[in-house]
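The values are calculated or read from the model by the stated rules, or taken from the named source; none is laboratory data. Please read these numbers as outputs of a predicted model, since none were measured by experiment. Please note: Cβ atoms are built from the backbone with ideal geometry, for glycine as well, and neighbour counts cover all protein chains shown. To get the accessible areas, we keep the full protein, side chains included, count just its heavy atoms, and leave off ligands, DNA and RNA. Shrake-Rupley method; radii C 1.70, N 1.55, O 1.52, S 1.80 Å.
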Amino acid sequence: MCTDCGCHPHHPDDTPHTGDPGDGYASRRLLVEAAATAANDETARHNREAFRRQRLTALNLMSSPGAGKTSILERTIRHLAGRRPVYVIEGDQQTRNDAERIERAGATAVQINTGSGCHLEAGMVARAVERLDPLPGGLLFIENVGNLVCPAMFDLGEQAKVVIISVTEGDDKPEKYPYMFRAARLCLINKTDLLPYVDFDPGRCRQLARAVNPHITCIELSARTGEGFDAWLQWLSGLA
Amino acid sequence: MHELSLACSLVDLACQRAQEEGASRITALEVEVGALAGVMREALAFGFEAACRDTLAQGARLVIIEEPAKGVCSACRVTCRLARFTITCPACGAAALEISGGDRLCLRAIEVA
Ligand SMILES: Nc1nc2c(ncn2[C@@H]2O[C@H](COP(=O)(O)OP(=O)(O)OP(=O)(O)O)[C@@H](O)[C@H]2O)c(=O)[nH]1
Ligand SMILES: [Mg+2]
Ligand SMILES: [Zn+2]
């Protein structure tokens, strides 16, 4: 029996006393002190290490549904054809539609269906990469589930997170979803071909993005016309 | 609704710890929820019930410890409480505030029988 509070059994060094004499066997308090994402973070570390060994540059692409992640990838893949092996992991709640679009554009794709899940986790990426079996020196795009909240919290082992926002969504998105913009290294502002038809001020969007993340880079582009793709491709080649 | 997946992870961590100690039942989880952890309390509590089902933590209480958000300014060194996410220092106005607390969701301790 513990001499401090009379509980039982003895306290391991890291276990505080329950202060519950009378009924010693009833309950014990055990310290844990672990982040809720601990298991995911550990798998993400393994992924990052594996990507480094395979000389694979991995990017985690996140946006609201329909901001243009797949469209940007399709055009990017066509640009990189013959220069660099490109692999894509497609995360969607349902369907293989996006993986099929990627394959038609000429890259190797694996589709992950998360069902009701609103984000990808590191373990899903690890299994998908095994199926892709990528060549060294390749580029791996991970298209996350369309969602500006949850995916920001789950490290996948990527080299950088990229957030995509389209000009039809409103230029105050960075202010409304600070976690996403804080986590991202690059912000792509897509659908600039639609700027004449909407009240979206790219300058204000950049300014609000930098207000939550002073290190973020912003690039305006259009997956439809290809405007701005030079800057994006240059950013990509600067990564690896 | 990442809260459901986070609740499952918390329950997994709790079950691992309980098994290490040979405990047969978890009666409570003490969970620290930072004001800037990006987690909704109600959604977490809802996910928690589902996450506990058919585990050692079935029927366990969820004890939420709310951790206020804190920041420290790397320009003027002031520390302050934050009501919302910002990098602007309320004292000197520099865009140099670093979050120094209240941005985690973690399992602090469990109670086992
Ligand atoms: N005008 C215009 N339309 C675009 C552009 N990029 C994408 N779109 C259109 O936006 C819609 C959604 O594009 P997707 O590429 O499927 O978007 P996504 O982000 O992959 O969508 P989810 O995977 O469902 O989240 C499609 O109808 C695209 O044709 C662009 O630069 N300009
Ligand atoms: Mg898509
Ligand atoms: Zn200051």
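Residue check, residue A:100 against (1) surrounded by fewer than 20 Cβ atoms within 10 Å (Cβ to Cβ); (2) assigned to a loop (DSSP other than H, G, I, E, B), all met but one. Which one? Looking at each condition in turn, residue A:100 falls short on (2). The number of residues in the range A:55-78 that are buried (at least 17 other Cβ atoms within 10 Å of the Cβ) and out of contact with any strand residue (DSSP E or B) (no Cβ under 7 Å at 6 or more places or on another chain) comes to 5. Which of the residues that make up the range A:200-240 are in a helix (DSSP H, G or I) and not hydrophobic (A, V, I, L, M, F, W, C)? Matches in the range A:200-240: A:202, A:203, A:204, A:206, A:207, A:210, A:230, A:234, A:237, A:238. Given A:166, A:222, which one is farther than 18 Å from residue A:59 by Cα, touching a residue at least 40 places away in the same chain (Cβ under 8 Å), away from chain B (no Cβ under 14 Å) and more than 16 Å from ligand 3 (Cβ to nearest atom)? Answer to the check: A:166. In this structure, does residue B:78 turn out to be touching a residue at least 24 places away in the same chain (Cβ under 8 Å), away from ligand 2 (no atom under 16 Å from the Cβ), more than 13 Å from residue B:8 (Cα to Cα) and surrounded by 13 or more Cβ atoms within 10 Å (Cβ to Cβ)? Against the criterion (touching a residue at least 24 places away in the same chain (Cβ under 8 Å), away from ligand 2 (no atom under 16 Å from the Cβ), more than 13 Å from residue B:8 (Cα to Cα) and surrounded by 13 or more Cβ atoms within 10 Å (Cβ to Cβ)), residue B:78 does not qualify.
Going by the structure shown, is residue A:62 in a helix (DSSP H, G or I) and within 14 Å of another protein chain (Cβ to nearest Cβ)? Spell out how you get there, then give the answer.
Numbers: in a helix (DSSP H, G or I): no; within 14 Å of another protein chain (Cβ to nearest Cβ): yes.
No: the conditions fail for residue A:62.
Residue check: residue B:54 meets all listed conditions (1) on the phi < 0 side of the Ramachandran plot; (2) open to solvent by 30 Å² or more (accessible area, probe 1.4 Å) but one, namely (1). Quick one: in the range A:44-60, of everything that is polar (S, T, N, Q) and under 15 Å from the mean Cα position of the chain (by Cα), which residue is nearest to residue A:183 (Cα to Cα)? Filtering first and then ranking leaves A:60. Counting only strands (runs of 3 or more DSSP E) that sit completely within the range B:53-113, those holding 2 or more residues that are closer than 21 Å to residue A:179 by Cβ, within 11 Å of chain A (Cβ to nearest Cβ) and within 22 Å of the chain's Cα centre (by Cα) correspond to B:97-101, B:105-112. Filtered by the rule that a residue be open to solvent by 40 Å² or more (accessible area, probe 1.4 Å), facing chain A (nearest Cβ under 7 Å) and either acidic (Asp, Glu) or within 13 Å of the chain's Cα centre (by Cα) (or both), the range B:1-51 gives B:12, B:21. Selection of the range A:25-44 for residues being touching a Gly at 6+ places or on another chain (Cβ under 7 Å) and open to solvent by 30 Å² or more (accessible area, probe 1.4 Å) yields only A:43.
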